[in-house]
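Presented below is the structure to which this report refers.
The values are calculated or read from the model by the stated rules, or taken from the named source; none is laboratory data. Quick caveat: nothing in here was measured; it's all calculated off a predicted structure. Cβ: placed from backbone, ideal geometry, glycine included. Neighbour counts: every protein chain shown.
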Amino acid sequence: MIIVSSCEAVCAVLFIQSVPSSGYLIDKFGQYKFVMVLTLILNAAFHHSLLLIPHMETPGEMPSAYVMKHPETGQFQVG
């Protein structure tokens with residue numbers, strides 16, 4: 001839960017900073033289209049990379065399904 005909240009906070013701060021920073025890059029390079037396409041690609045890549053953060057279970061709650069391996073027999077048990 002803490003990781004998700006911190007990711008949302010970072011995304012909000014980056015969203016606020018994206019407009020001035022892209023304006024600065026447009027002024028520096030002088031190419032509007034190049035900078036906008038670059039920021040669009042980077043934005044899509046960073047937002048899709050949030051899907052790589054693994055799901056965390058809530059402590060104290062039993063998940064709806066689980067898979068366990070028996071230590072002696074090696075058989076898998078699905079609950």
Failed item, numbered, when C7 is tested on (1) at pLDDT 75 or above; (2) touching a Leu at 6+ places or on another chain (Cβ under 9 Å): (1)
Hits in region 20-62 - residues which are of a type in the set (D, E) and assigned to a helix (DSSP H, G or I): D27
